[in-house]
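K.L.:
Let me begin by handing over the structure; questions about it come next.
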Amino acid sequence: MDKLRITGNGPLEGEIAISGAKNAALPILCASLLTADTLRLTNVPQLRDVMTTQKLLRGMGMRVMTDNVHEIELTGASVDTLVAPYELVKTMRASILVLGPMLARFGEAQVSLPGGCAIGSRPVDQHIKGLQAMGAEIAIEHGYIKARASRLKGARVSTDMVTVTGTENLLMAAVLAEGTSILENAAREPEVVDLAECLIKMGARISGHGTDTIVVEGVERLHGAEHAVMPDRIETGTFLCATMIAGGKVLLRNTRAGILESVLDKLREAGGYIEAGDGWIAIEMRSRPKAVSLRTLPYPAFPTDMQAQFMAMNAIAEGTGVIAETIFENRYMHVSELARMGADIHVDGHTAVVRGVEKLSGATVMATDLRASASLVIAGLAAQGETIVDRIYHLDRGYEHIEAKLGGVGAKIERIQ
Ligand code: UD1
């Protein structure tokens, strides 16, 4: 199994090109199920979750063509298998995103329940509740969600909590429903907006995306379109944190500041000097960061997907930072691994108190989720000696060539067997 070896060696200098967003690419790939025509996507990141989604769609009969690594054409004229099997869903929870589009276009869908997940129980009850409000008949049998509807009907749906993939599933269902749907308490994440913009190019009638109330006027059919996936704000934030930890000056291209303001505010509070312009963000850090306190919440507040990376930064910062994780119940798996590198972290329920230490020391560590793995890699950049991050298949789910990108700005990092 692949590992990463990182040797702490001082400041980062140079440029990194940011990839397309994983969490926008996955729902947009699934949106191709909504039409028989061709959806052409560019800026698609080359990631394991993207490969898994292609495999899932191919298994349903979708024609998927990839001439170049970042461009994909999907044609849904011959979709004939309306099933998302357990073998794929268990490896990627976001497979649930085929449920809404399949049901909306074909009136039928079977999707395996995702089951347990390293970062908490993560149920899909809100997806199901919303589709039922649109007239779907749903049964849970043999571990599968079995859904039917002759044609979905527009409805007012208010989810009990803000759910990102829940909003995306209901949005994709509503675009082909009969009549108007109003999605209340909708997620405002930029990836939801990117999906809505792609659906509009395909002929959907959507307004209010980016606010907590999305209004959808259902149409009879959608058509083909071309769409460039938005930049990955979590990859952007991860490389900004890496520079805060290792020091130096790094220019991030193919990204934009407007999608991660809450993260940039916290980095400035920690002492980072940040400038941004059209399509780029630059960061300069020449001292030890100051510890920051934060609370994860739905967008536009601080993202849970950046919590682990800020924990790594606080671990070597001056002072004490208090982190509250309010989105997922079990998202502190990186704490014990950071502690093995010498971090001083005390967890009590949803709260972690991080007392910064002058130096971490390299160790062999592993993580059981994507962002936790990223936090260990960036902690290794400033640790004394060698850090081996094991089980990096998690990283390959969500970071495109992380070792090449960090190596390109001077980090000593290599993939080993
Ligand atoms: C998405 C992101 C993930 C990010 C998360 C929160 C994708 C592919 N993944 O995950 O990277 O960490 O948003 O920003 O976009 N919940 C329920 N019932 C439901 C749905 C959700 O109880 O039916 C709960 C979850 O357990 C969690 C909270 O709602 O506590 C938010 O989860 P949600 O926004 O749905 O996360 P995902 O969409 O799975």
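K.L.:
Once each part is reduced to its C-alpha centroid, what is the distance from the range 35-54 to the range 187-234 in angstrom?
P.N.:
A separation of 16 Å, based on Cα centres.
K.L.:
Using the Cα centre of the chain as the reference point, and only Cβ charges (+1 on K/R, -1 on D/E), how large is the resulting charge dipole? Debye, rounded to the nearest 20.
P.N.:
340 debye
K.L.:
Ranked highest first by average number of other Cβ atoms within 10 Å, how do 207-214, 334-341 line up?
P.N.:
Values: 207-214: 16.8, 334-341: 21.2.
By packing density, highest mean first, the sequence is 334-341, 207-214.
K.L.:
Please report, in whole Å³, the volume per residue of the convex hull around the C-alpha atoms of the chain.
P.N.:
121 Å³
K.L.:
Over the C-alpha atoms of the range 135-271, what are the Rg and the largest Cα-to-Cα span, Dmax, in Å?
P.N.:
Using the Cα atoms of the range 135-271, the pair Rg, Dmax is 18.8, 59 Å.
K.L.:
With only Lys, Arg, Asp and Glu charged, each at its Cβ (+1 for the first two, -1 for the last two), find how big the charge dipole of the range 52-124 is about the Cα centre; round to the nearest 20 debye.
P.N.:
Value, rounded to 20: 280 debye.
K.L.:
Apply the Karplus curve 6.51 cos²θ - 1.76 cosθ + 1.60, θ = phi - 60°, to the phi angles in the range 52-66 and return the couplings in whole Hz, x for Gly and Pro.
P.N.:
Once θ is set to phi - 60°, the couplings for the range 52-66 become 4, 5, 4, 4, 4, 5, 4, x, 8, x, 6, 8, 10, 10, 10 Hz.
K.L.:
Considering the zone a paramagnetic label at E261 would reach in this model (a point 7 Å from Cα along the Cα-to-Cβ line), which residues of the range 174-196 have amide N under 19 Å from it?
P.N.:
Flagged as within label range: 186-194.
K.L.:
Compute the relative contact order of the range 153-251 as a whole-number percentage, counting only Cα pairs closer than 8 Å that sit 6 or more residues apart in sequence.
P.N.:
Computed over the range 153-251, the figure is 26 percent.
K.L.:
Something else now. Sorted by packing (mean other beta-carbon atoms within 10 Å per residue), highest first, where do 310-318, 194-202, 251-259, 165-173 land?
P.N.:
In decreasing order of mean packing, 310-318, 194-202, 251-259, 165-173 become 165-173, 310-318, 194-202, 251-259.
K.L.:
Which one of M244, L260, L376 is farthest out on the positive end of the charge dipole of the chain, using unit charges on Cβ (Lys, Arg +1; Asp, Glu -1) and the Cα centre as origin?
P.N.:
Result: L376, furthest along the dipole toward the positive end.
K.L.:
Right, something else. Which is farthest toward the positive dipole end of the range 49-177 among A147, T81, L99, measuring Cα position about the Cα centre, with Cβ charges +1 (Lys, Arg) and -1 (Asp, Glu)?
P.N.:
A147
K.L.:
Pop out the Kirkwood hydrodynamic radius of the range 85-187 from its pairwise C-alpha distances, inverse of mean 1/r, in Å to one decimal.
P.N.:
Working: mean 1/r = 0.0743 Å⁻¹.
Here the Kirkwood hydrodynamic radius works out to 13.5 Å.
K.L.:
For the range 263-400, which semi-axes, largest first and in whole Å, follow from the square roots of 5 times the eigenvalues of its Cα gyration tensor?
P.N.:
In descending order the semi-axes read 21, 18, 17 Å.
K.L.:
Also: In nanometres, what is the gap between the two model label sites at K412 and K249, each 7 Å from Cα along Cα-to-Cβ?
P.N.:
Reported label-point gap for K412 and K249 is 2.4 nm.
K.L.:
Also: Hey, how much of the P(r) for the range 179-250 falls beyond 13 Å, as a percent of Cα pairs?
P.N.:
Of all Cα-Cα distances in the range 179-250, 71 percent exceed 13 Å.
K.L.:
Sticking with this structure for a sec: Let me check the size of the range 1-160 from its C-alpha atoms; what are the radius of gyration and Dmax in Å?
P.N.:
Here Rg and the maximum Cα pair distance are 18.1, 61 Å.
K.L.:
Same structure again: Go through K3/K266; K22/K201; K55/K129; K55/K405; K266/K359; K3/K412 and tell me which ones have a Cα-Cα distance over 23 Å in this structure.
P.N.:
Over 23 Å Cα-Cα: K3/K266; K55/K129; K55/K405.
K.L.:
Kindly rank 6-19, 93-106, 59-72 from highest to lowest mean number of other beta carbons found within 10 Å of each residue.
P.N.:
The packing order, highest mean first, is 93-106, 6-19, 59-72.
K.L.:
Could I ask something else about it? Given Cα pairs under 8 Å that are at least 6 residues apart, what percent is the relative contact order of the range 247-293?
P.N.:
Once normalised by length, the contact order is 48 percent.
K.L.:
Does the range 355-414 come out rounded, prolate or oblate, given a ≥ b ≥ c as the square roots of the eigenvalues of its C-alpha gyration tensor, rounded meaning a/c under 1.5 and, failing that, prolate meaning a/b above b/c? Don't jump to the answer; show the numbers that get you there.
P.N.:
Details: a/c = 1.89, a/b = 1.27, b/c = 1.48.
Oblate, since a/c reaches 1.5 and b/c is not below a/b.
K.L.:
Taking each pair of distinct Cα atoms in the range 255-341 once, what is the resulting Kirkwood hydrodynamic radius in Å?
P.N.:
About 13.8 Å for the range 255-341.
K.L.:
How much of the DSSP beta bridge set in the chain is antiparallel, as a percent to the nearest 5?
P.N.:
Bridges in the chain are about 70 percent antiparallel.
K.L.:
Something else: Can you give me the Rg/Rh ratio for the range 251-301, using Cα atoms for both radii and the Kirkwood formula for Rh?
P.N.:
0.99
K.L.:
Something else: Using the Karplus curve 6.51 cos²θ - 1.76 cosθ + 1.60 with θ = phi - 60°, work out ³J(HN,Hα) for each residue of the range 98-108 in order, rounded to whole Hz, and write x for Gly and Pro.
P.N.:
3J(HN,Hα) across the range 98-108, in whole Hz: 7, 4, x, x, 4, 5, 5, 8, 10, x, 7.
K.L.:
Expressed in nm to one decimal, what extension gain is obtained for the pair A324 and D80 from 0.36 nm per residue of sequence separation less their Cα-Cα distance?
P.N.:
Answer, rounded to one decimal: 83.3 nm.
Values quoted throughout were computed directly from the atomic coordinates according to the rules given, and no laboratory measurement underlies them. Everything quoted here is computed from the prediction, not taken from an experiment. Please note: Cβ atoms are built from the backbone with ideal geometry, for glycine as well, and neighbour counts cover all protein chains shown.
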